[in-house]
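Working notes, beginning with the structure itself.
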Amino acid sequence: MRTEELQQEIREYAMKIGIDKIGFATADVFTELKERLRRQQELNYQSGFEKGTIEERTEPVRLLPEAQSIISIALAYPSRMKNAPKSTKEERRGLFARASWGIDYHEVLRDRLNKLADFIHEKVPEAITKIMVDTGELSDRAVAERAGIGFSGKNTSIITPEFGSFVYLGEMITNIPFIPDNPVEDSCGDCRKCLDACPTGALVGEGGQLNANRCIAFLTQTKDYLEDEFRIKLGNRLYGCDTCQQVCPKNKGVDFHTHPEFEPDPEVSKPKLIPMLRISNREFKEKFGFISGSWRGKKPLQRNALIALAHYKDKTAVTEIIEVMKNDPRPVIRGTAAWSLGKIGTEEAFLAIKEAIKVEKDDRVKYEMEKGLEFAETAFK
């Protein structure tokens, strides 16, 4: 079979199995990305979640020695939640970013890529394929850009002409020498809305560079204490951040509900905050285990829930937070609870911290309690 015919059949099959966009790219070295990653490393902009060396992340032949081409796919996901519950004074709610709505996208994209690989192997038995979704060494964004899925915006997301930046990306390296697609022209122009709107200034310059150490989307996934400047910016976010996508003009009016797997359960994607504080491991797995936002476990989400309750100054949560501060075995959670109580700032909170600090043994927790006492005393006096 001629390459052009195979390529067309792959495109048609991809549409049949629910792939919204597909593109083909060479497996050449990602030279520009390599330089950007080196610069990122020098500036300490990395998140720590990256997989592989810079060479493995930019040279496809290191991952598949026979590599000739890379197939990139994109699936669109919703930007609006149907029947979203409101956060009220009686029941404050947190929020998972849109990329964590519905079933874990890693599973859905792997399913599509596996089906695509099976189809290719039927047509070309000697074909070799290697599949990656987000957690692989290759940059999904760099591959998608080269394959013509979209252009890389100043918000560091791939922006497609059809679906904006609300797309999941995955790729397949293969030994088949496909004809590469043409890249999409960058059309950010002079727009700076995402750079200006970023809560922490994590978007650096206008070259699509990200300082992950300041990005709320990454910070929500960490397990240690958040610095105070980031706690103040967190708002009610439990996982991820959509600000740079929400303000992007290319996303105006974009909202696709073409994949049932990505439809959010409102009680999961916008959960009540207070129950998050006492959820057991089993309950957490049953309620949140199927979404991508659960991959780091419950600890970061509980820490973020405490910060969100402080953001709301939710006095109805004080009793529950006091229990967490006194009894939780994890220092980060106890310390963040004390900080949260201080920010809420009731007399009950102040007195509880004052008692708890007398028996606390962890120095960092004590430090957070001292801050909490200072905040609370100022607030209620």
My understanding is that a pair violates if its Cα-Cα distance is over 26 Å; which of K223/K371; K193/K287; K89/K250 do that in this structure?
K193/K287; K89/K250
Relative exposure of C191, C215, judged by other C-beta atoms within 10 Å (fewest first)
C191, C215
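Can you tell me the relative contact order of the chain? Whole percent, Cα pairs under 8 Å, sequence separation 6 or more.
Reported as a whole number, the value is 19 percent.
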Please state the relative contact order of region 250-381 as a whole percent: Cα pairs under 8 Å, 6+ residues apart?
20 percent
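Relative contact order of region 111-257, please, whole-number percent, based on alpha carbon pairs below 8 angstrom and at least 6 residues apart.
The normalised contact order for region 111-257 reaches 22 percent.
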About the Cα centre of the chain, how large is the charge dipole given +1 on each Lys and Arg Cβ and -1 on each Asp and Glu Cβ? Please answer in debye to the nearest 20.
1440 debye
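Tell me, what does the Kirkwood hydrodynamic radius of region 104-151 come to in angstroms if you use every pair of distinct C-alpha atoms? Walk me through the numbers on the way to the answer.
On the way: mean 1/r = 0.0834 Å⁻¹.
The Cα-based Kirkwood calculation yields 12.0 Å.
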Suppose every K and R has +1 on its Cβ and every D and E has -1 on its Cβ; what is the size of the dipole of region 44-145 about the Cα centre, in Debye to the nearest 20?
820 debye
Could you tell me how many degrees, from 0 to 90 and to the nearest 10, lie between the Cα long axis of helix 347-356 and the main elongation axis, the longest principal axis, of the Cα atoms of the chain?
90 degrees
In debye, nearest 20: dipole of region 252-302 around its Cα centre with unit charges on the Cβ of K, R (+) and D, E (-)?
440 debye
Which value, in nm² and rounded to one decimal, describes the direction-averaged projected area of the C-alpha convex hull of region 21-167?
11.3 nm²
Interchain or sequence-distant (5+) residues whose placed amide H lies within less than 5 Å of the amide H of K21 are A74
Along the positive direction of the dipole of the chain (beta-carbon charges: Lys, Arg +1; Asp, Glu -1; about the Cα centre), which of A202, I322, Q46 reaches farthest?
I322
Taking 0.36 nm per residue of separation between R11 and A379 and subtracting their Cα-Cα distance, the length gained on full extension comes to 126.3 nm
How much net charge surrounds D186 when only the other residues with a Cβ under 10 Å from the Cβ of D186 are counted, with Lys and Arg +1 and Asp and Glu -1?
-1
Options [x] 19.1; [y] 20.0; [z] 32.2 - which one matches mean projected area of the Cα convex hull in nm² as calculated here
[y]
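Read the figures in this text as sums done on the coordinates, not as results from a lab. Fair warning: this is a prediction, and the values are worked out from it, not measured in the lab. FYI the Cβ positions are ideal-geometry reconstructions off the backbone, even for glycines, and counts take in every protein chain you see.
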